[in-house]
Amino acid sequence: MPAHGTAAHENAETPVTGANATKAQAAAVKAIGGGTAGAVTTDFTKTGYEVTVTRTDGTTTEVHLDSSFNVMQGGRP
């Protein structure tokens with residue numbers, strides 16, 4: 001598996017739209033405790049989602065969700 005953030009890794013992810021994108025965005029914002037969700041993609045393995053969230057302080061984080069929209073990585077510490 002290519003390292004996270006490399007071109008090979010990022011190119012393997014595909015955009016997600018529709019109801020699944022909306023659910024992923026809501027779960028990611030809830031996990032962070034607020035903010036604005038941006039783009040949703042599949043994860044590298046195509047078994048979950050990655051959502052970029054801009055926090056209320058302006059910083060961004062990537063939240064990783066499984067296929068049932070449970071947070072795997074990137075929620076509140």
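Here are some notes:
- In the stretch 35-46 there is at least one residue that is modelled with pLDDT under 95, in a strand (DSSP E or B) and hydrophobic (A, V, I, L, M, F, W, C).
- Single residue of the stretch 47-61 satisfying the filter (more than 9 Å from the chain's Cα centre (by Cα) and assigned to a strand (DSSP E or B)) that is surrounded by the most Cβ atoms within 10 Å (Cβ to Cβ): Thr54
- In the stretch 27-57, the residues that are in contact (Cβ under 8 Å) with a residue 40 or more places away in the chain and either of a type in the set (Gly, Ala, Ser) or in contact with a Ser or Thr (Cβ under 8 Å, 6 or more places away or on another chain) (or both): Ala27, Ala28, Ala31, Ile32, Gly33
For every residue, the table says whether it meets (1) at pLDDT 95 or above; (2) in contact with a Pro (Cβ under 9 Å, 6 or more places away or on another chain).
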site: Ala3; (1), (2): no, no
site: His9; (1), (2): no, yes
site: Lys23; (1), (2): yes, no
site: Thr56; (1), (2): no, no
site: Pro77; (1), (2): no, no
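- Candidate set from the stretch 15-27 (those that are over 11 Å from Ala39 (Cβ atoms) and of a type in the set (Gly, Ala, Ser)); member that is surrounded by the most Cβ atoms within 10 Å (Cβ to Cβ): Ala27
- Ser68, sole failed condition from (1) in a loop (DSSP other than H, G, I, E, B); (2) touching a strand residue (DSSP E or B) at 6+ places or on another chain (Cβ under 8 Å); (3) modelled with pLDDT of 95 or more: (2)
The values are calculated or read from the model by the stated rules, or taken from the named source; none is laboratory data. Everything numeric here is computed off the predicted structure, so don't read it as measured data. All Cβ positions, even for glycine, are placed from backbone atoms using ideal geometry, and neighbour counts span all protein chains on display.
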